[in-house]
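Novice: Pasting a structure here, questions to come.
The values are calculated or read from the model by the stated rules, or taken from the named source; none is laboratory data. Computed from a predicted model, the values in this text were never measured in an experiment. Cβ: placed from backbone, ideal geometry, glycine included. Neighbour counts: every protein chain shown. All accessible areas refer to the heavy atoms of the entire protein, side chains included, with ligands and DNA or RNA removed. Shrake-Rupley method; radii C 1.70, N 1.55, O 1.52, S 1.80 Å.
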Amino acid sequence: MYTKINLDKTDINSEPPTGEPARQQYFMERLKRVVEEKSQEYGRPLTACVQTFGCQMNAKDSEKLLGILLQAGFTASEDEASDFVLYNTCTVRDNANQRVYGRLGYLNSLKQKNPRMTIALCGCMMQEPSVVEKIRKSYRFVDLVFGTHNIFRLAELLYRCYTEKGMVVDIWEKTDQIVEELPARRKYPFKSGVNIMYGCNNFCSYCIVPYVRGRERSREPEEILTEIRTLVADGVVEVMLLGQNVNSYGKTLAEPMTFAELLRQVAKIDGLERIRFMTSHPKDLSDELIEVMRDCPKICRHLHLPLQSGSSRILKKMNRVYDKEQYLALAGKIQREIPDMSLTTDIIVGFPGETEEDFEETLDVVRQVRYDSAFTFIYSKRTGTPAAAMEDQVPEEVVKPRFDRLLKEVQRISSEVCGKDVGKTMTALVEGVDTHDGRLVTGRLSNNIMVHFPGDVSDIGRLIPVLLMESKGFYYMGRKLP
Ligand code: SF4
């Protein structure tokens with residue numbers, strides 16, 4: 001599922017254009033010549049491997065990065081022993097950074113066996129100046145380092161890698177640019193993520209994202225609608241609209257448009273069956289959005305509504321701009337207006353200053369909202385964020401037991417909530433053959449819960465009515481209906 005772009009008119013004998021995407025299209029063609037020469041020299045096609053760390057925004061960026069590499073003549077590979085290896089990194093928690101440093105040692109051992117190998121790093125972690133300094137000093141075998149704001153420049157930067165000496169480093173502190181018309185290699189033929197905006201202006205005090213992804217900027221609605229129409233024409237039936245906070249969509253446009261209005265427009269696209277979106281911040285989730293979710297059957301019955309903490313005192317320190325009562329009122333309104341809406345959330349345990357009383361408030365919200373599931377995290381200090389400088393960092397021996405208690409409570413409620421649809425027929429989008437039992441396929445229901453049922457590869461990508469026979473806690477077993 002590769003969206004290639006036509007570069008026949010690109011003249012590589014002239015000077016590189018200054019405007020985008022023309023400049024990158026020029027370098028994709030220049031790079032292609034270099035890749036062809038090397039392939040002849042090696043007597044085989046050059047391989048490229050893109051590894052993605054972190055969130056769906058990164059996964060979507062990686063599809064573009066791989067698209068650019070394929071356009072330039074590389075062959076895609078899952079194997080890190082490739083001619084070109086690119087890590088698209090994450091830095092949301094410290095362990096994400098440690099994972100990359102750990103894996104770099106392995107890449108270095110591969111490069112010692114194949115000195116012609118090229119190693120590159122991009123993404124959120126590279127937006128941290130201290131990280132880039134460390135790479136320059138201690139990981140000199142890395143050839144290319146770039147960030148989040150200029151991923152579209154991969155062709156130009158890799159061309160420089162092949163034609164210049166030394167490590168190429170190109171980190172942009174910020175940008176207001178959105179470059180469209182890039183090639184992309186999708187992971188799934190039947191579903192796709194679609195960026196609607198980039199960056200975040202919320203500055204939650206524990207979060208590094210605004211510092212590495214920059215200020216909010218929304219794509220033009222027509223660019224988004226055109227991309228989705230192209231995807232649908234290419235066999236996609238489900239899209240996931242992506243943004244750090246989709247509720248802020250449209251504020252930077254010359255003609256502002258609300259996220260709810262964008263959803264209405266997307267829902268009009270013939271052939272598109274399902275719409276998902278992530279992430280919606282509770283502080284500005286509008287009544288208009290609740291109405292559109294309620295009235296539009298294409299919008300999936302799943303909403304991820306990060307809570308982070310149930311304590312109003314901690315929410316204030318987190319700069320989340322809502323308190324416990326406001327969050328409960330919002331969740332209550334959604335559950336009343338759309339009773340079959342599955343709610344999931346994110347919760348941080350151990351935020352600086354968190355007391356036992358604060359933690360009990362979090363448990364109280366979990367018991368009141370009764371989430372289908374929750375991503376639970378232990379607070380991770382991120383240098384450069386306000387929370388990292390806060391006093392009263394909670395000791396690990398206090399945080400860990402709290403984390404375990406929260407997980408136990410979330411799972412207890414989730415196993416009660418998730419079984420409620422046994423006996424019903426619901427439509428599943430088949431995503432693949434079951435990895436444990438090849439006689440079964442795995443499908444995703446509108447409420448984002450998985451169901452396994454007898455089927456085969458011909459079912460993949462189809463929307464199939466399934467009778468939910470049995471609940472297994474976090475998923476169902478079912479039977480395909482004619
Ligand atoms: S909304 Fe808050 S938690 Fe989410 S990306 Fe923005 S700053 Fe981070």
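Novice: Among the residues of region 218-236, is there at least one that is within 16 Å of the ligand (Cβ to nearest atom), open to solvent by 10 Å² or more (accessible area, probe 1.4 Å) and under 29 Å from Leu463 (Cα atoms)?
Specialist: no
Novice: Only residues in region 398-420 that are in contact (Cβ under 8 Å) with a residue 24 or more places away in the chain and open to solvent by less than 90 Å² (accessible area, probe 1.4 Å) count as the first member; pair them with residues that are assigned to a helix (DSSP H, G or I) and not β-branched (Val, Ile, Thr), Cβ under 9 angstrom, at least 6 apart or cross-chain, and list the lot.
Specialist: Val398/Glu356; Arg402/Glu356; Arg402/Phe359; Leu406/Phe359; Leu406/Leu363; Glu409/Leu363; Glu409/Arg367; Ile413/Arg367
Novice: Now, a different point. Restricting attention to region 150-189, report how many residues are open to solvent by less than 10 Å² (accessible area, probe 1.4 Å) and either hydrophobic (A, V, I, L, M, F, W, C) or in contact (Cβ under 8 Å) with a residue 40 or more places away in the chain (or both).
Specialist: Adding up the residues that qualify gives 7.
Novice: Another question, then. Is at least one residue of region 129-136 modelled with pLDDT of 95 or more, of a type in the set (A, V, I, L, M, F, W, C), in a helix (DSSP H, G or I) and open to solvent by less than 10 Å² (accessible area, probe 1.4 Å)?
Specialist: Yes, region 129-136 contains a residue that is modelled with pLDDT of 95 or more, of a type in the set (A, V, I, L, M, F, W, C), in a helix (DSSP H, G or I) and open to solvent by less than 10 Å² (accessible area, probe 1.4 Å).
Novice: Please tell me if Glu173 is under 18 Å from Glu29 (Cβ atoms) and acidic (Asp, Glu).
Specialist: No; evaluated as a whole, the condition is false for this residue.
Novice: On to the next question. Could you list, in sequence order, the residues of region 349-393 that are touching a strand residue (DSSP E or B) at 6+ places or on another chain (Cβ under 7 Å) and open to solvent by 50 Å² or more (accessible area, probe 1.4 Å)?
Specialist: Phe375, Phe377, Ile378
Novice: Can you pull out the residues in region 42-75 that are over 23 Å from Asn195 (Cα atoms) and assigned to a strand (DSSP E or B)?
Specialist: Of everything in region 42-75, those that are over 23 Å from Asn195 (Cα atoms) and assigned to a strand (DSSP E or B) turn out to be Thr47, Ala48, Thr75.
Novice: Within region 265-277, is there a residue that is open to solvent by 10 Å² or more (accessible area, probe 1.4 Å), touching a Leu at 6+ places or on another chain (Cβ under 6 Å), part of a strand (DSSP E or B) and within 16 Å of the ligand (Cβ to nearest atom)?
Specialist: yes
Novice: Evaluate region 198-205: report whether one residue or more is surrounded by fewer than 16 Cβ atoms within 10 Å (Cβ to Cβ), within 30 Å of Ala389 (Cα to Cα) and touching a helix residue (DSSP H, G or I) at 6+ places or on another chain (Cβ under 8 Å).
Specialist: Yes, region 198-205 contains a residue that is surrounded by fewer than 16 Cβ atoms within 10 Å (Cβ to Cβ), within 30 Å of Ala389 (Cα to Cα) and touching a helix residue (DSSP H, G or I) at 6+ places or on another chain (Cβ under 8 Å).
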